[in-house]
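To start, the structure under review is shown below, and the notes come after it.
Coordinate-derived values only; no laboratory data. Note that this is a predicted model, so its numbers are computed, not measured. We place every Cβ from the backbone using ideal geometry, glycine too, and count neighbours over all the protein chains shown.
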Amino acid sequence: MRTPFWLSDKNTHDFTVLVKIYCLSMAFPLPMESLEANRNELSSLSLIYLLKPQGVFMQTSFLSYVHSRYPLLLRNVFTSFLALQFSIGAMAQENRNGFIIENPLVPIDQIQHGGPPKDGIPALDNPVSVHAADSAQLEPFDRVLGLVYNGEIKAYPIRILDHHEIVNDQFGSKNVVISFCPLCGTGMGFDANIRGPDSVYKILDFGVSGLLYNSDVLMYDRQTQSLWSQIDQQAISGPMKGSILSPLPIEHTTWADWYKRYPDSKVLSFDTGHARNYQVSPYAGYENSETLYFPVSHQDKRYHPKEVTLGIEVNGVFKAYPFSELARVTSPLKDTVNNFPLVIHFNMETLSGRVETIKGKPYPVLSAYWFAWFAFHPEAGVYKAK
């Protein structure tokens, strides 16, 4: 049997160091100088910790350290770890992260373990919101998801969503789920009162499954344990399979821009009840890198993989508006999708976009990294500036 690369003489020491750093970063955040100072002591850790069931949720301290000192080793470890998980999954295809998956709407071999276990990334329930003027922790250029719906205005800091990904919230009498996938850069909002296959509406609340499809978060609803694709906006397995999510007109912009336009907005409080450092992103640097952490079914090199793109759907017809194209035309841009006229607003300063009908009504739009949009919609048209 061939010796795994990480057990070769060349890599054994560095790899054990890497594993110990990872395990300690799982347990509690460590400053970078502490990691370096304890390098020799760290090398004694057993490899078995890397294969713990809870998987890999990499803290920023771990990623930064390994990327700077062991870039090739990190890539090889990650590739081998994913290959191992894929092999294990192939032996029990119907059970992934505790979910029984039968005849899903997507290829089952493309449903990946993201690392954390079910609810290892905790969704926020009964979230506390504060008035915008009382949110002193937000900086002007912090990114937020903003939603105006059912008479209420709320913003959700990405710094919080990076650590939780899902917020089960209410806008007046309406139940809403806010979902953010850091790997795809996709922030979306949905009506949580959902019509099932039996045509009966159910109010669902959601959690993070720990599974991915095309690198995108698979949510699950706690009532039926069905898995839901965020970007595909539908249940892909379980009792709700085939049910469709109704998107809401979420905006992805800066806090300064949102607060200027909506000074009476509420904002998700940093007091979430969870012991997380919201000053630090677990995905620092990811948005500028060409590297993808997980495989996708389709790729296209016309744009940088992480170029932000507005994706619009009108009655089953899709069209993409990469920011580099929108930056070359005067905003607002009037265009049609499936013969339906729309107005696209693009702000170069805030790197944000939103869409309205010609009557000024907000229209749901997906803001996503280019690779994520193309993975789901390779057949979609792409707007080209003239």
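Table for the structure above
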item: Table column - 3J(HN,Hα) (Hz), the stretch 221-235, Karplus curve with 6.51, -1.76, 1.60, x for Gly and Pro; result: 9, 6, 6, 10, 6, 6, 9, 10, 7, 5, 6, 6, 6, 7, 7
item: Filtered GluC sites (Glu not before Pro), the stretch 262-361: DSSP coil and at most 15 other beta carbons within 10 Å; result: Glu290, Glu349
item: Spin-label model distance (nm) - Phe141 vs Gln110, 7 Å beyond Cα toward Cβ; result: 3.7
item: Stretchable slack from His131 to Ile244, in nm (0.36 nm times residue separation minus alpha-carbon distance); result: 37.4 nm
item: Separation between Cα centres of the stretch 251-274 and the stretch 121-152, rounded to whole Å; result: 4
item: Electrostatic dipole magnitude of the stretch 227-271 [Cβ: Lys, Arg +1; Asp, Glu -1; Cα centre; debye, to 20]; result: 80
item: For Val365, residues with placed amide H under 5 Å, excluding near neighbours; result: Ile250
item: Amide hydrogen neighbours beyond the local backbone of Ile153, cut-off 5 Å, H modeled; result: Lys266
item: The stretch 97-268 - charge dipole about Cα centre, Lys and Arg +1 at Cβ, Asp and Glu -1, debye rounded to 20; result: 200
item: Integer Hz, Karplus 6.51/-1.76/1.60 couplings in order for the stretch 348-360, x for Gly and Pro; result: 5, 5, 9, 6, 9, x, 8, 10, 10, 6, 5, 8, x
item: Label zone at Val314 (point 7 Å along Cα-to-Cβ), backbone N below 18 Å, the stretch 351-369; result: 354-367
item: Filter on Lys118/Lys301; Lys174/Lys361; Lys260/Lys361; Lys154/Lys384; Lys202/Lys319; Lys334/Lys384 - keep pairs with C-alpha separation over 23 Å; result: Lys118/Lys301; Lys154/Lys384; Lys202/Lys319
item: Derived scalar couplings ³J(HN,Hα) [the stretch 105-117; Karplus, 6.51 cos²θ - 1.76 cosθ + 1.60; whole Hz; x for Gly, Pro]; result: 7, 10, x, 5, 6, 9, 8, 9, 6, x, x, x, x
item: Spin-label pair Thr224/Met348, simplified geometry with 7 Å Cα→Cβ offset, distance in nm; result: 4.7
item: Set of aspartates and glutamates with alpha-carbon distance to Lys386 below 16 Å, sequence-local pairs under 8 removed; result: Glu325, Asp335
item: Virtual spin-label span in nm between Asp335 and Asp271, 7 Å along Cα→Cβ; result: 4.4
item: Farthest toward positive dipole pole in the stretch 298-382 [+1 Lys/Arg, -1 Asp/Glu at C-beta], among Phe340, Asn315, Ser367; result: Phe340
